[in-house]
Amino acid sequence: MVRQLKATSDRPLRSQASLALNWSLMAAGLVDRIQLTVFPVISAKTGAFPVFRGAGDFHLELLESRTLDGNTQELVYRPTPRR
């Protein structure tokens with residue numbers, strides 16, 4: 001269904017908040033861009049798991065970057081499956 005919607009939509013599709021959905025979309029090759037926001041925090045004691053665990057291996061081509069508030073970075077990548 002997502003593949004058909006992507007093929008027929010004239011607007012970019014966005015997904016937020018559901019890690020399981022995003023992993024599935026990446027594994028199916030349906031993600032054109034990944035937008036990551038990097039916050040300057042180290043959570044070695046409280047960090048639970050890698051965000052993209054289960055999505056597969058990808059090369060990431062940096063398309064855009066910007067600093068939001070002097071510390072926080074917004075990065076936009078194009079994922080390409082690693083073979």
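Of the residues ASP57, ASP69, ASP32, the one that moves most in a GNM of the chain with alpha-carbon contacts below 10 Å is ASP69. Normalised by the number of residues in the chain, the average gap of Cα pairs under 8 Å and 6 or more apart makes the relative contact order 31 percent.
Applying 1/(1 + (r/R0)^6) with r as the Cβ-Cβ distance of VAL38 and LEU13 and R0 = 25 angstrom yields a FRET efficiency of 0.60.
Measuring how big the chain is from its alpha-carbon positions, Rg and Dmax come out at 14.4, 45 Å.
With the convex hull drawn around the C-alpha atoms of the stretch 1-40, the volume per residue stands at 85 Å³. Between amide H atoms placed 1.01 Å from N, distances below 5 Å from PHE58 occur with ARG82, all of them 5 or more places distant or on a separate chain.
For the chain, adding -39500 (n - 2.57) for each run of n ≥ 4 DSSP H residues and dividing by the number of residues yields -5000 deg cm²/dmol at 222 nm. Computed from point charges on the beta carbon alone (+1 for Lys and Arg, -1 for Asp and Glu), the dipole magnitude for the chain about its Cα centre is near 260 Debye.
A 1.4 Å probe run over the chain, with the rest of the protein chains in place, finds 84 Å² accessible per residue.
The values are calculated or read from the model by the stated rules, or taken from the named source; none is laboratory data. Quick caveat, the model's predicted, so the values are computed rather than measured. We place every Cβ from the backbone using ideal geometry, glycine too, and count neighbours over all the protein chains shown. The protein model used for the area step is the full one, side chains on, heavy atoms only, and it has no ligands, DNA or RNA in it. Shrake-Rupley method; radii C 1.70, N 1.55, O 1.52, S 1.80 Å.
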